[in-house]
Amino acid sequence: MMKKYRVMFPDLNGALRGKVIAEESFNINEKIRMVRSVLVADTRGNEITALPEFDIQSGDKDMLLTPDPNTLIELPNSDGTGSSMQLIADVSNQDGSPIDIAPRTLLKHIIGKYEKEKFEIKTSSELEFYIHHSDGTQMTQSELDIPYGGLNAIYQHEKLLDAIVGMVRTLGLTPEMILSESGMGQFEITFGPKDALFMADRTLYFKQLVKEITREHNLYATFMAKPFQDDAGNGGHIHLSVLKEDKDIFTDEAVLEHFVAGQLRYMRYLAPLFAPNTNSYRRWDTGHGYTVKTVSYGEEGRDTAVRILGEGENRRIEHRLCGADNNAYLSFVAILAAGLEGIRNKWTYTTPIVSGEIGRELPESLVSALDLFNGDEAKNLLGKDFVKTFTAVKQQELALRIDPTIAQEIEDYGQ
């Protein structure tokens, strides 16, 4: 039976890049060469002209892919001819040094900072997606019956959704719930909590495999933040708790406040990592569903950016800014980096640099979000090189939007 290996990594947009290698040519202990420019390509795959260090015209240096055996999963080929082995790789320069602006490298770096404090992070992604017809048209009322909470919508796609749930288990995730969401053809699947790197890796896999499984049923899936103008957007909420010696540190209300205060302090300045595409801001600027427009927090309201959940020894936060189009690695980085700063500085809701942010409007567009992102706040927190690189990618995508045909390609890419 034929077996092949998919070796992949996330680019800055959260899209999968990599190679498919035949079984007889694959050795998990060997590094794989690939051009560096694909790590920071725009949504059309073009090199970023503002980044000469990734310039294809100058020869475009190779980088090295090191497959992580902890990410290995096996999936049967749809035609029954064998199976595909999938692995996510870390990327490095040819001398073996890490490429610091790579999403997975950034996440491992911030996780390392938590580990120095003896902290263990537990996260869960809450992803919404639309199933639509192969011609791009949306499901209709007659096809699905009642949308939000309607069981008929689930029953009518039971085989497809069962296949997706089976895939979730193959990924090592615990499927908790399937919900028919408020949009026509929109569904949500929630997972049980896992370590942050594991969850980011599996979120990447999940989005890719949902699309593959849906195509096998002659339908299509999209995680675009706002695929249909007159219907609800796709959320990608993140649930997070922090443990120390197996105990939830958020049971200490002061520590919980410090962590949330960090989110509020940096929220506007890190917006492009929660809403990375022009389409993402259409989801924020809508009357459909529970949307967030200000820097905010609360215990109950679904219209707050950070929601505090749980009681007693089971406390967690729900970060509600992300759309399903987000790059999970970078969203986790933003949340964890901001939270750690809040803890280290013992910020509270009344600390001036925090209270001054509460209630302020979130950016209305990717253009205004990038203006804030290029300030000292994000640079000091995440590093100047990453901010510069991410901004260059997004500015090139914005420049391409002059052509409406190209703009639509940008909206569809990797989502």
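Below are the figures for this structure:
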{"read-out": "Residue satisfying all of: in the stretch 254-299; modelled with pLDDT of 95 or more and among the charged types (D, E, K, R); farthest from LEU12 (Cα to Cα) among these", "value": "GLU257"}
{"read-out": "Leading residue by the ranking (surrounded by the fewest Cβ atoms within 10 Å (Cβ to Cβ)) among those in the stretch 90-132 that are under 30 Å from ILE154 (Cβ atoms) and polar (S, T, N, Q)", "value": "SER124"}
{"read-out": "Where ALA41 falls short, out of the listed (1) buried (at least 19 other Cβ atoms within 10 Å of the Cβ); (2) at pLDDT 90 or above", "value": "(2)"}
{"read-out": "Residue match in the stretch 26-33 (condition: closer than 27 Å to PHE332 by Cβ, modelled with pLDDT under 95 and of a type in the set (Asp, Glu))", "value": "no"}
{"read-out": "Qualifying residue in the stretch 245-252 (condition: without any contact (Cβ under 8 Å) to a residue 24 or more places away in the chain and farther than 16 Å from PHE119 by Cα)", "value": "no"}
{"read-out": "Qualifying position, being surrounded by 16 or more Cβ atoms within 10 Å (Cβ to Cβ) and not hydrophobic (A, V, I, L, M, F, W, C), among THR174, THR222", "value": "THR222"}
{"read-out": "Complete set of residues in the stretch 4-46 that are outside any strand (DSSP E or B) and of a type in the set (Val, Ile, Thr)", "value": "ILE28, VAL38, VAL40, THR43"}
{"read-out": "Complete set of residues in the stretch 337-367 that are of a type in the set (A, V, I, L, M), in contact with a Ser or Thr (Cβ under 9 Å, 6 or more places away or on another chain) and more than 20 Å from THR389 (Cα to Cα)", "value": "VAL354, ILE358, LEU362"}
{"read-out": "The listed residue being under 30 Å from THR278 (Cα atoms), surrounded by fewer than 23 Cβ atoms within 10 Å (Cβ to Cβ) and assigned by TED's automatic domain parsing to the domain that holds PRO193, out of ILE317, ILE343, ILE335, ILE308", "value": "ILE308"}
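The values are calculated or read from the model by the stated rules, or taken from the named source; none is laboratory data. Remember, it's a predicted structure, so these values are computed and weren't measured experimentally. For neighbour counting, all protein chains shown are included, and Cβ atoms are generated from backbone atoms with ideal geometry for every residue, glycine included.
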